[in-house]
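My questions will all concern the structure given below.
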Amino acid sequence: MGLDRYQVTAMIGQGDIGQVFRALDRETGRTVALKMLRQDSPATNARHHFVNEARLLARLNHPNIPAFYDFIAGRKCTIVFELIEGHDLETLLSAHQGDFAAGEVIHWAVQVCDALSYLHQHPIHPIVFRDLKASHIMVNEQGKAWLVDFNLARPLPLGGRLEGADRVGTEGFAAPEQYEGTALPASDVYGLGATLHYVLTRLDPHRSRPFTFAPPRSVNSALSTRLAAVIMRAVAYEIKDRYQDACTLKQALLACL
């Protein structure tokens, strides 16, 4: 049946590689999200990356990652997955007046840590996300958070360190080692730390000196000394100085509540 099974009702987002649509699954009556490959994508090997994303998502099953439903090959290459009724943090940050409550942000971050821990310890093949930023975290009105957009995620080889990869990520949020073609779980810790710094201070790291973060309390005095220290450790330039995994970062964040 292919794409004929789905009735598109609205476009809800787009990036360099794909466009995301809200659609009705005529067979199940369920509302879903369709991520379609853009035919005018400027990205190199866009179709290859798109197919890899579908294959990766098909392996995943976690409450803080959108559920994968289907993949449709052909000219209109399409991934069908769970529709998240919420907004990404970038959108919320733009719309929100004033600072977010630290406890609320920690609640979101802890859930993202759960998703990252699942990826990093996946029983079949561990995965590194490589592109953690505010627009790739979605939350709903009940405070549930999801990690979204797995275009740059890649399986980790034995040893838990991806070497010789393309230099990817978003400037300001990508860990230093990613610019050298290396990624490991601590790289995702850096990305989440940079995201937390951005959401709680509104200082966009893309507009700052590379790999440099102002002390969070110098911008937002409402933050606790403990939370500020957790964020700064997460974004440490040297891998050895960071939390080595998302589980350890989660415990440090919970201790700030």
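The values are calculated or read from the model by the stated rules, or taken from the named source; none is laboratory data. This structure is a prediction, so every number in the text was calculated from the model and none was measured. Cβ coordinates were reconstructed from backbone atoms using ideal geometry, including for glycine residues, and neighbour counts include every protein chain displayed.
How many residues are farther than 16 Å from LEU254 by Cβ and either of a type in the set (A, V, I, L, M) or not assigned by TED's automatic domain parsing to the domain that holds TYR190 (or both) if we restrict to the stretch 109-129?
The number of residues fulfilling the criteria is 4.
Given the criterion farther than 18 Å from ASP131 by Cβ and among the acidic types (Asp, Glu), identify the matching residue among ASP25, ASP88, ASP16.
Of ASP25, ASP88, ASP16, the one residue that is farther than 18 Å from ASP131 by Cβ and among the acidic types (Asp, Glu) is ASP25.
What single numbered condition from (1) surrounded by fewer than 18 Cβ atoms within 10 Å (Cβ to Cβ); (2) in the same structural domain as TYR198 (by TED's automatic domain parsing); (3) part of a helix (DSSP H, G or I) fails to hold for ILE106?
Just one mismatch for ILE106, condition (1).
Determine the pairs where a residue that is over 15 Å from TYR198 (Cβ atoms), located within the stretch 91-111, has a partner that is in a helix (DSSP H, G or I) and at pLDDT 95 or above with Cβ atoms under 8 Å apart, the partner being 6 or more residues away or on another chain.
VAL110/LYS250; VAL110/LEU253; VAL110/LEU254
Do we find that SER187 is in a helix (DSSP H, G or I) and either within 22 Å of HIS96 (Cα to Cα) or not assigned by TED's automatic domain parsing to the domain that holds ALA134 (or both) in this structure?
Spelling it out, it is not the case that SER187 is in a helix (DSSP H, G or I) and either within 22 Å of HIS96 (Cα to Cα) or not assigned by TED's automatic domain parsing to the domain that holds ALA134 (or both).
Within the bounds of the stretch 203-222, is there any residue that is more than 22 Å from the chain's Cα centre (by Cα), loosely packed, with under 14 Cβ neighbours inside 10 Å, polar (S, T, N, Q) and within 18 Å of ALA109 (Cβ to Cβ)?
The answer is no, given that none of the residues of the stretch 203-222 is more than 22 Å from the chain's Cα centre (by Cα), loosely packed, with under 14 Cβ neighbours inside 10 Å, polar (S, T, N, Q) and within 18 Å of ALA109 (Cβ to Cβ).
When you check ASP99 against the structure, is it over 28 Å from ARG22 (Cα atoms), among the charged types (D, E, K, R) and within 16 Å of the chain's Cα centre (by Cα), yes or no?
Taking the combined requirement at face value, the residue does not satisfy it.
Return the residues of the stretch 124-168 that are assigned to a strand (DSSP E or B) and under 29 Å from HIS96 (Cα atoms); say none if nothing qualifies.
Listed by number, the residues that qualify are ILE137, MET138, VAL139, ALA145, TRP146, LEU147.
Same structure, new question: Considering only residues that are under 18 Å from the mean Cα position of the chain (by Cα) and surrounded by fewer than 14 Cβ atoms within 10 Å (Cβ to Cβ), which ones fall in the stretch 13-30?
Correct list: GLN14, ASP16.
Of the residues GLN251, GLN142, GLN244, which single one is surrounded by fewer than 16 Cβ atoms within 10 Å (Cβ to Cβ) and closer than 25 Å to GLU82 by Cβ?
GLN142 is the lone residue from the list that is surrounded by fewer than 16 Cβ atoms within 10 Å (Cβ to Cβ) and closer than 25 Å to GLU82 by Cβ.
Suppose we filter the stretch 1-35 for residues that are within 13 Å of ASP149 (Cα to Cα) and at pLDDT 95 or above; how many remain?
4
Starting from the stretch 153-165, take each residue that is over 19 Å from GLU53 (Cβ atoms) and crowded, with 16+ Cβ neighbours inside 10 Å and list its partners that are among the polar types (S, T, N, Q) and at pLDDT 85 or above, counting only C-beta distances under 8 angstrom and pairs at least six apart or across chains.
So the pair list comes out as ARG161/THR182.
I've got another one for you. Would you point out the residue of the stretch 31-86, among those that are among the hydrophobic types (A, V, I, L, M, F, W, C) and assigned to a helix (DSSP H, G or I), that is surrounded by the most Cβ atoms within 10 Å (Cβ to Cβ)?
Here the residue is PHE50.
So that you can scan it fast, the table gives a plain yes or no per residue for (1) closer than 17 Å to ALA145 by Cβ; (2) not β-branched (Val, Ile, Thr):
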position	(1), (2)
VAL189	yes, no
TYR198	yes, yes
SER208	no, yes
PRO216	no, yes
CYS247	yes, yes
